[in-house]
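Inspection log for the structure reproduced underneath, given as structure tokens.
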Amino acid sequence: MAAAVGRPLRAALRQAEERLAILVAGTALLVLAGAPLVALLAEIAAGWQQALAVLASARPFTLLLHSLAIALAVTALSLGFGIPLGVLVGMSDARGRGPAVLLHAFPVFLPPFLLALGWFQVLGARGLAGSPRSSGYLFGEAGVVFVLAATFTPIVTILVAIGLQALDPSLEEAARVSARPARVIARILLPASAPAIALAGLLVFSLSLSELGVPMFLRVDSFPAAVFARLGGVDYAPGEAFALVLPLVPVALALLVLERRFVGTRSFAVLGLRSQWRERLPLGPWRGPLSAALWLSAAVSLTPVAALVWRGAAGGGFAAVGSWLGRAPWNSLWTAGAGATLIVAIGLVVGHAVARRAKGARALDTLCVLSFVAPAGVLGVGVIAVWNRPALQWVYGSAWILVVGYVAHYAVIGVRTIGSLLAQTSIHIEEAAATVGAGFWRRMSRILVPLHARGIGFAWLLALVFCLRDLEMAVLYYPAGGEPLTVRLFTLEANGPEPVVAALAVVHVVITAALLGLGGFALRRTTV
């Protein structure tokens, strides 16, 4: 009798496992990503009179329009160069496209501010190829657009290449029967990869709009700098900071609407399985020049890094760098590692729910997207509103607040990347396991995680480097003595020795390259 009663109870518990897991992961997202957005609006509502006074001036809106114009220019340039490069990488028989795209893509994983330091060593008045005229262009809107476009173009290149490779080869083969390659690309491939292009454009725009370090270094007024000045600069006025981010809220909501309209879960196709084989589009007599153009893009990407190495070595910066590092590298590594681990843990549960269209999953996915596309100042000010309280000083006053911000901002990486993997696994596999008594966690640990170990490892590595490169969130609330390396570089730029700052930047480059190299090697060795 006891056994007969126990079996239905165990079955009910197994069925409740998944709902409980979604409840826990969803609650974590609501606390880490949702609460800052709600708290921000509550703070603005409570101080609406001050908000009206701050926004009565035309200055905030002028700055916002200025930043929006720069972000649009960066997005247009990135798409203009990235789409053709993505076609070359994803579809053509260009020579050396694999190594070239790896070198071309490397700057995406570095803080844009670091690359601005490198371009200053190239184009500044005393740079390797600099002159007063080139320095004048660099320290202005044109310089900001150039640096950010050079940094973010690889995002477009990679996503377009992946999106093209995810298409059914039969579409291309049927079109090539009667059309030239250029017509196939223009009429078939690019329209079919529109979700990848839209996703790339949204990513570039949101990253450009949130960028703080590059405009500040190049002496260009920007909206993120105005918010930062009220929280971490000489014009400390947190109440004004809350008011200033109010105009960014509709911008964030507009980006969310665009993502839902043009991308949505179709980004799963962008991140999905690749076709094992497809015939490359022959470039014919253009193969040499276009291959050279692809390698030129790689050279442009690496130019600022090479300039930083030169400046650090020429000025003796590497000899003195040890005394300036402090605990910053360790702070960066452990907080980024902890953030990436939590992002993947949440991504496993919520990504699975999104892939299986579970109840409430779409709302959680929407929250993740909103917290990512929202300008970093919006989310960062919200994090301060939630966690800067006496009862929570054990978090806010420690480096764990960095982990909180990382998870809030980059949870979408885990949800979308892992969701794309699980969406391609037949639900019948899980159903078969469930019929023999396997609960949610058992199915996850024994079937789904081993089956997609490489993809999950990639999601963790991607989240790690995004947390490692973060400046815009961390600089708003990093604890004393707990600053990551990005913040260390940002604060030393104004008054630190130039060769030492360059050497510190190279340390960040080496750490990032080492993590990517070790991660790539481990993923290649992973069996699936």
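Taken together, the values in this text are just the output of simple stated rules run on the coordinates, not laboratory data. Remember, predicted model here, so these are calculated numbers, not experimental data. For neighbour counting, all protein chains shown are included, and Cβ atoms are generated from backbone atoms with ideal geometry for every residue, glycine included.
Quick notes
- Along the stretch 372-384 the Karplus relation, 6.51 cos²θ - 1.76 cosθ + 1.60 evaluated at θ = phi - 60°, assigns HN-Hα couplings of 8, 6, 4, x, 4, x, 5, 5, x, 5, x, 4, 4 Hz to successive residues, with x for each Gly and Pro.
- Taking amide H as placed 1.01 Å from N in the peptide plane, Ser92 has its amide H under 5 Å from the amide H of Leu281, each at least 5 places away in sequence or on another chain.
- The peptide list 377-388, 325-336, 482-493, put in order of mean Cβ contacts within 10 Å with the highest first, becomes 377-388, 482-493, 325-336.
- Dipole axis of the stretch 11-125 (+1 Lys, Arg; -1 Asp, Glu on Cβ), positive-most option in Leu64, Leu52, Gly90: Gly90
- Centroid-to-centroid separation of the stretch 372-398 and the stretch 294-325 [C-alpha atoms, Å]: 34
- Taking a ≥ b ≥ c as the square roots of the eigenvalues of the alpha-carbon gyration tensor, the chain is classed oblate because a/c is 1.5 or more while a/b is no larger than b/c.
- For Met473, no residue whose modelled amide H falls within less than 5 Å of its own remains once neighbours fewer than 5 places apart on the same chain are excluded.
- Computed about its Cα centre, the charge dipole of the chain is approximately 1420 debye, with only Lys, Arg, Asp and Glu carrying charge at their Cβ.
- Rounded to whole numbers, the Karplus 3J(HN,Hα) couplings from phi for the stretch 360-366 are x, 5, 5, 5, 5, 4, 4 Hz, using 6.51 cos²θ - 1.76 cosθ + 1.60 with θ = phi - 60°, and x at Gly and Pro.
- For the stretch 343-500: rounded, prolate or oblate by the Cα gyration tensor [a/c cutoff 1.5]: prolate
- Rounded to whole numbers, the Karplus 3J(HN,Hα) couplings from phi for the stretch 62-71 are 5, 4, 5, 4, 4, 5, 5, 5, 5, 4 Hz, using 6.51 cos²θ - 1.76 cosθ + 1.60 with θ = phi - 60°, and x at Gly and Pro.
- Taking amide hydrogens as placed 1.01 Å from N in the peptide plane, the amide H of Ala438 sits under 5 Å from that of no residue at least 5 positions away in sequence or on another chain.
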